[in-house]
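Student: Below are the structure tokens for one structure; questions will follow.
Please treat every number below as a calculation from the coordinates, not as lab data. Quantities reported herein were computed from a predicted structural model and do not represent experimental measurements. Positions of Cβ are backbone-derived with ideal geometry, glycine not excepted, and every protein chain shown enters the neighbour counts.
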Amino acid sequence: MQFVADGIVFAAIISLGAIGLSMIYNILRFANFAQGEIVATGAYFSLGFVALFGAGIGSIGPLAFGWPLLVSIGFAMVATSLMVLIVDWLLFRQLRDKSASRITLIMAAFGVSLMGRNLITLIAGGDPINFSFFIPRAVEILPSVRVVPDDIAIVVLAGLSVLALHLYLTRTTMGRWMRATAENPTLARVNGIDTRAVIRWTWIVGASLATLAGALQGHIVELRPEMGFSLLLPMFAALIIGGVGNIYGTLLGALFIGLSQSFAVAIGLSAYREAVSFMLMLAILLVRPQGLLGGRD
Amino acid sequence: MDALSLLSFAAFFLTFASFFSLTCLGLNMQWGFTGLFNVGVVGFFAVGAYTSAILTGPAYPDTLFGGFGLPVPIGYLGAIVTSAIAAFVVGFVTLRLREDFLAISTFGIAVTIQLLALNLQSVTRGPNGLYSLPKPLSGLSESNLVDNLLYLGICVLCIGAVYWAFEQMVRSPWGRVLRAIREDEQAAAALGKNVFAYRLQAFVVGCAVMGLAGALYANFVGFISPQDFLPIVTFQVYVMLIVGGSGNNLGAILGGVVVWALWSGSGAVIAAVLPPDFQTQAAAVRIVLIGLVLALMLLYRPAGILRERHIVSREARMSPQSRPTR
Amino acid sequence: MPAVLDIQSIVAGYTPSLPILRGVSLTVQDGEIVTVLGPNGAGKSTLIKAVIGLVPIAEGRALFLDRDITGSPTHQLVREGIAYVPQTENVFARLSVDENLALGADFDRQEIAARRERVLALFPDLAGLGRRRAGRLSGGQRQMVAFGRALMSAPKLLMLDEPSAGLSPKLTQAVFGQLRRIRDAGITILIVEQNARAALQVSDRGYVLAEGREHMQGDAADLLDSPEIGALYLGDRSRLAQQ
């Protein structure tokens, strides 16, 4: 059952990244092929702030990271959000104003994805980097199931973030506006909702969660310019399997993808990890085009 | 630079551009005329390249399958057939999906094909690639230049044939249905057209041409590896088509040449400016530049250099943001 | 007192090359109920959408309480006191009734509770449905949520697009009956309707649009008696609409 533990950790990271994908898909109505680069940008900004503060990444009890990393991630969330808002302002906003088709937006996002990946390479170099040198020390939580304490912390952090998002969407005015805009943008405007503000906050929330995803992935694996791009297919698969239009479905989809990828690794198909999530997505699309939780009004 | 080496450079450049122009033509059938957003272009290009390499290449000591050493034209034909079959399978599964799901699925297919090329070592030799692929007509002359000119001739012939065939096709009633589907799928369906069948046909035809382009590439370069088939290629081809003018076959060919010139030209300039230690950075700058070209085209000249001729304008489409009821 | 709404020779449509409204003028005075009639495709809905900023105005202008609102963004117009109830998809089906109502006044949050009271007083049937998803309500209940949502913004002008569409004759009567009460609460109303008789019966004045232009106007009572209107809009068509 080791693969279940590994799968849940991977699912936690995918779901943090895929939530932004899901929110953009539902509110701005396009598949954001640049979501992976938002994840990577967040990771590299976190690295930048860790370097800037010069306090390492700290530690809390058995964890190999602590407040210095968490604070850096906080700053990175702001920086990444700003970056994303600038790109939206320069490119996507203008395309929206021109009533560009959904496909044009996807194409633009595809271009942003390539540019982002290569800008990271230009600035930080193409070689893998680590936040710190840490040797994971696994503990046995169940007979023959070993996990690193940091992995547990990641799952907890992801869980808390999702809970916070849930409260944000259901208890705050902006959250209500987001759900309203996702359902019917015209009716939202007719309710006095400034959809431009909703779009801004959608980018900010999505980018912040993606930053967390990137930093955590960077912490337990490494930072590479392609780190986000290689998460793109699993994130899309989570979105589609869960049923677009339903953030909770995306979480379920992420769990599904996380478990199946680590299962694939467990049975020796690690080279085809990415393809596995994709094939599952196709299979589910064929049987249930609306996804697992889709179609529920 | 003397005239001969200039000619030799031009032949080399145009041959490379022609691989892209041909791929661009294939994509134009899908995206330009039918509105299919295929993000897996490089995957079908790779299928063609590997097919021809396996059919025409020598027997390698470390593969279990391949090394048939067949004549190159058979490699080309094989490439067309296998990429068409791959397109049929993929299209059958994905073309019923919504346009953005299609984009995600075809993207996933390209990734999968690349993973297969990388990991099916017994067929593709994985990251080591397939080498010593034969080049047709190369025995006729001692001169490398003549070889390259002859190969360029083959490529131009292929482009000419595909161009001619596509022009006939898009002008036929069949082509009109494709455009109708692109502009308004529901209306086309309401006219009793089997939208799925038409899309599948356009998809298969386009991918077959991409496969041919891949085969031409493989036998010209003589060596292929998974590194040649990264998602950037798909992106380049889209930029070419958008720059050239999607929906215009001549524009597709032109876009391939123009953008390839920009691409290789900027590469030469950057290589001259940056010290050799900064190869990674040089590649990155180039990709950022091509991304900028795309963004600017989308923003300021979405119709491309050569606009589509006498066909209903695309601006008539409603934006997804405002969905007026009537 | 200036006119609540003063539309001056508006030309508007989804694309500049194909205007649906080709020079329409119309005024709505404070405290009036005004109905706009016309055949399908005459541009009735487009007129309302142009006022609220959902369809761009190419020429002419619209004044709201003497202020030029041509080209203002929709959300600002709503905040300034224009409410609009679309004909279809006029509630958020996935949100609860309470959330729908709250959305109407989210830009005025301290008022939400008080306004909800008033709306529930007007539509007592909605009491007790607060937590239900709007998508699970009956057609009549949905229409009440849509009205209530619009009223939550405490508008000066309420614009309704085909409020009787899809409702039974009995419900139609009930809905139009409410309009008088809404007007008596100080809200001016502009209605676009196919169901001419029911609408004119509660209206003060009416306009008839045809082919993007204003064709006739007059007091509601006169229009009801007019033979042309009778033949065009009160005959078979209205009976059809009521079935």
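Student: Which angle between 0 and 90 degrees, to the nearest 10, do you get for helix B:3-27 versus the longest principal axis of chain B when only C-alpha atoms count?
Tutor: With both axes taken from Cα atoms, the answer is about 40 degrees.
Student: If you don't mind, another one. Quick one: P(r) of the stretch C:89-154 from all Cα-Cα pairs, 10 Å bins, percents rounded to integers, in order of increasing distance.
Tutor: 25, 61, 14, 0
Student: Relative contact order for chain A: what percent, with Cα pairs under 8 Å and sequence separation of 6 or more? Don't jump to the answer; show the numbers that get you there.
Tutor: Working: 475 pairs, mean separation 104.0, N = 297.
Reported relative contact order: 35 percent.
Student: Moving on. Rounding to the nearest 10 and keeping the result within 0 to 90°, find how far the Cα-based axis of helix B:144-171 lies from the longest principal axis of chain B.
Tutor: Taking Cα atoms only, the helix is inclined about 10 degrees.
Student: Quick one, can you get me the convex hull of the C-alpha atoms of the stretch B:1-67 expressed as volume per residue in Å³?
Tutor: Numbers: hull volume 9.9 nm³, N = 67.
So the per-residue Cα hull volume is 148 Å³.
Student: Given Cα pairs under 8 Å that are at least 6 residues apart, what percent is the relative contact order of chain B? It would help to have the intermediate numbers written out before the result.
Tutor: Working: 521 pairs, mean separation 98.6, N = 326.
The normalised contact order for chain B reaches 30 percent.
Student: Measuring from centroid to centroid over Cα atoms, what is the spacing of the stretch B:27-54 and the stretch B:160-211 in Å?
Tutor: One Cα centre to the other: 15 Å.
Student: Continuing with the same structure: Take the stretch B:9-308, drop everything but the C-alpha atoms, weight them equally and run the Debye formula without solvent; then report log10 I(q)/I(0) at 0.13 Å⁻¹ to two decimals.
Tutor: -0.92
Student: If you don't mind, there's one more thing I want to ask. Please arrange B:238, A:248 by counting, for each residue, the other beta carbons lying within 10 Å of its beta carbon, fewest first. Walk me through the numbers before you get to the answer.
Tutor: Values: B:238 24, A:248 14.
Ascending Cβ contact count within 10 Å gives the list A:248, B:238.
Student: Once you put a point 7 Å from the Cα of residue B:187 and another 7 Å from the Cα of residue A:139, both along the Cβ direction, what distance in nm separates them?
Tutor: Spacing of the two 7 Å Cα→Cβ label points: 6.6 nm.
Student: Which of the helices in chain A meet the span-like rule: DSSP H, Cα axial reach of 24 Å or more, Kyte-Doolittle mean at least -1.0?
Tutor: Details: long enough: A:2-27 (38 Å, 1.66); A:35-53 (27 Å, 1.23); A:67-87 (30 Å, 2.19); A:102-124 (32 Å, 1.47); A:149-171 (33 Å, 1.32); A:195-220 (38 Å, 0.80); A:247-266 (28 Å, 1.56).
Flagged H segments are A:2-27, A:35-53, A:67-87, A:102-124, A:149-171, A:195-220, A:247-266.
Student: Just want the ordering: A:115, B:169, B:240, A:178, from fewest to most Cβ atoms lying within 10 Å of their own Cβ.
Tutor: B:169, A:115, A:178, B:240
Student: Still on this model: Tell me the angle of helix B:72-94 to the major Cα principal axis of chain B, expressed in degrees between 0 and 90 and rounded to the nearest ten.
Tutor: Relative to chain B, helix B:72-94 is tipped by roughly 30 degrees.
Student: Do the sum for the protein assembly as shown: with -39,500 (n - 2.57) for every DSSP H run of n ≥ 4, divided by all residues, what is the mean residue ellipticity at 222 nm, to the nearest 500 deg cm²/dmol?
Tutor: On the way: 33 runs with 514 residues, N = 866.
So the calculated ellipticity at 222 nm is -19500 deg cm²/dmol.
Student: Mind ordering A:19-29, B:283-293 by average Cβ neighbours within 10 Å, highest first? All intermediate terms of the calculation are to be shown ahead of the outcome.
Tutor: Numbers: A:19-29: 24.8, B:283-293: 19.5.
Listed from highest to lowest mean packing, they are A:19-29, B:283-293.
Student: Sort out for me the Cα centre separation of the stretch B:261-296 from the stretch C:126-185, rounded to whole Å.
Tutor: 61
Student: Right, here's the next one. Rounded to a whole number of µm²/s, how large is the Stokes-Einstein D of the stretch A:79-141 at 25 °C and 0.890 mPa s, given Rh as the Kirkwood radius over C-alpha pairs? Could you put the intermediate results ahead of the total?
Tutor: On the way: Rh = 14.7 Å.
Stokes-Einstein gives a translational diffusion coefficient of 166 µm²/s.
Student: Work the Kirkwood hydrodynamic radius out for the stretch B:137-259: mean of 1/r over every pair of different alpha-carbon atoms, inverted, in Å.
Tutor: 16.8
Student: Please compute, over every Cα-Cα pair in the stretch A:158-297, the percentage with a separation greater than 20 angstrom.
Tutor: The share of Cα pairs beyond 20 Å in the stretch A:158-297 comes to 55 percent.
Student: Restricting things to Cα coordinates, could you compute the convex hull volume per residue of the protein assembly as shown in Å³? Don't skip to the answer; put the middle values down first.
Tutor: Numbers: hull volume 167.7 nm³, N = 866.
Hull volume over Cα atoms, normalised by residue count, gives 194 Å³.
Student: Continuing with the same structure: Using only Cα atoms, locate the centre of the stretch B:98-126 and the centre of the stretch A:12-54, then give the distance between them in Å, rounded to an integer.
Tutor: If we compute the Cα centre of each part, the gap is 24 Å.
Student: What FRET efficiency do you get for residue A:78 and residue B:171 if R0 is 56 Å and r is their Cβ-Cβ distance, rounded to the nearest 0.05?
Tutor: On the way: r = 56 Å, r/R0 = 1.00.
Using R0 = 56 Å, I get an efficiency of 0.50.
Student: Is the shape of the stretch A:2-287 rounded, prolate or oblate, going by the alpha carbon gyration tensor and its root eigenvalues a ≥ b ≥ c, with a/c under 1.5 for rounded and a/b larger than b/c for prolate? Before the final figure, lay out each step's value.
Tutor: Values: a/c = 1.60, a/b = 1.35, b/c = 1.18.
Prolate.
Student: Just to confirm the filter: which chymotrypsin sites (Phe, Trp or Tyr not before Pro) across the stretch B:20-72 are DSSP coil and have at most 11 other Cβ within 10 angstrom of their Cβ?
Tutor: Values: sites: B:20, B:31, B:33, B:37, B:44, B:45, B:50, B:65, B:68; in loops: B:33, B:37, B:65, B:68.
Here the sparse-neighbourhood loop sites are B:65.
Student: With +1 on each Lys and Arg Cβ and -1 on each Asp and Glu Cβ, and nothing else charged, work out how big the dipole of the protein assembly as shown is about its Cα centre, in Debye to the nearest 20.
Tutor: Roughly 1260 debye, rounded to the nearest 20.
Student: Hey, what's the Kirkwood Rh for chain C if you take every pair of different alpha carbons, in angstrom?
Tutor: On the way: mean 1/r = 0.0551 Å⁻¹.
Kirkwood radius, chain C: 18.1 Å.
Student: Follow-up. Any idea what Rg and Dmax come out to for the stretch A:1-68 if you just take the C-alpha atoms, in Å?
Tutor: According to the Cα coordinates of the stretch A:1-68, Rg and Dmax are 15.7, 43 Å.
Student: Per the Kirkwood formula on distinct C-alpha pairs, the Rh of the stretch B:1-133 is how many angstrom?
Tutor: Values: mean 1/r = 0.0608 Å⁻¹.
By the Kirkwood definition, the hydrodynamic radius is 16.5 Å.
Student: Here is a follow-up. Which semi-axes, in whole Å and largest first, does the equivalent ellipsoid of the stretch C:39-127 have when worked out from the alpha carbon gyration tensor as the square roots of 5 times its eigenvalues? It would help to have the intermediate numbers written out before the result.
Tutor: Working: eigenvalues 155, 59, 26 Å².
Working from the Cα gyration tensor, I get semi-axes of 28, 17, 11 Å.
Student: With the dipole of the stretch A:2-287 worked out from charges on the C-beta (+1 for Lys and Arg, -1 for Asp and Glu) around the Cα centre, which of A:143, A:27, A:125 lies farthest toward the positive end?
Tutor: Working it through, the farthest residue towards the positive pole turns out to be A:27.
Student: Averaged across the residues of A:279-289, what count of C-beta atoms belonging to other chains lies within 10 Å of each residue's C-beta?
Tutor: Working: counts 3, 0, 4, 10, 1, 0, 8, 4, 0, 0, 4.
Mean partner shielding for this stretch: 3.
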